[in-house]
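Below is one structure, written out as structure tokens; comments come after it.
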Amino acid sequence: MNFEQARFNMVEQQIRPWEVLDPQVLALLFEVKRELFVPAAHAALAFADMEVPIGCGEAMMQPKVEARILQELAVRPGESVYEVGTGSGYLTALLARRARQVTSAEIHEELHAGAGVTLYAAGVIAVYMRREGVSYQEMFRRIKNTLISQRKVIRASERDSGDQMKLSRDKVTDISHKLVPVLRKMRETRFKK
């Protein structure tokens with residue numbers, strides 16, 4: 001399989017039609033090798049327009065969804081990102097190429113270990129990985145509560161946070177509102193197949 005041709009086709013036939021047009025995001029899709037993050041048993045599906053099984057009942061998102069998430073987040077150098085659900089580590093690697101630091105939490109030990117090895121092999125060093133013993137919903141609840149209290153502390157001290165708190169409550173809400181249509185479209189596509 002010619003990975004570079006498959007990657008080019010993925011970008012032109014899947015990513016761009018989903019209105020992912022940010023040149024930096026498109027460049028990252030060529031830079032971070034998706035095939036390294038796909039289980040060997042499914043290597044031929046690395047660039048397919050589908051979710052790829054990665055074990056533990058989980059799957060990598062479709063490439064177009066990962067690209068759209070990356071574009072909508074608009075992570076800038078110097079920002080820190082907290083990712084819930086490391087999975088294969090591919091989106092983690094994409095985020096790490098843009099952010100100063102990524103903290104990624106995973107509940108499945110097998111995925112946590114596998115992603116750590118793959119990220120290291122791919123030369124991604126700006127990632128701190130956590131193994132959480134709680135559900136994803138519980139992680140989101142904890143993060144939301146932490147961000148709300150951080151926001152209150154900043155307001156109480158009258159410091160100007162600017163956009164330095166990438167994961168402020170407002171930003172999380174803004175991002176979730178942008179991603180809901182993307183995820184709905186993905187679900188509708190899945191049901192049509």
Practice problem: Collect residues whose amide H, placed 1.01 Å from N in the peptide plane, falls under 5 Å from the amide H of ALA59; neighbours closer than 5 in sequence don't count. | Solution: ILE54
Quiz item: Separation between the GLU4 and ALA113 pseudo-spin-labels, each 7 Å from Cα along Cα→Cβ, expressed in nm?
Solution: 3.6 nm
Quiz item: Where a ≥ b ≥ c are the square roots of the eigenvalues of the C-alpha gyration tensor, would you call the stretch 1-94 rounded, which needs a/c under 1.5, or, failing that, prolate if a/b is larger than b/c, or oblate?
Solution: oblate
Quiz item: Rounded to two decimals, what is Rg over Rh for the stretch 92-141 when you use alpha-carbon atoms and the Kirkwood radius?
Solution: 0.99
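Within a Cβ distance under 13 Å of LEU45, other residues only, what is the Lys/Arg minus Asp/Glu net charge?
Details: positive: ARG34; negative: GLU35, ASP49, GLU51.
Computed value for this residue: -2.
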Exercise. Would you mind putting 120-128, 69-77 in packing order, based on average other-beta-carbon counts within 10 Å, highest first?
Key: 69-77, 120-128
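Any read-out appearing in this document is the output of simple, stated calculations on the displayed coordinates, not a laboratory observation. Bear in mind that the values here come from a model prediction, so they are computed numbers and not experimental data. With ideal geometry, Cβ positions are generated from the backbone for all residues, glycine too; neighbour counts draw on all protein chains shown.
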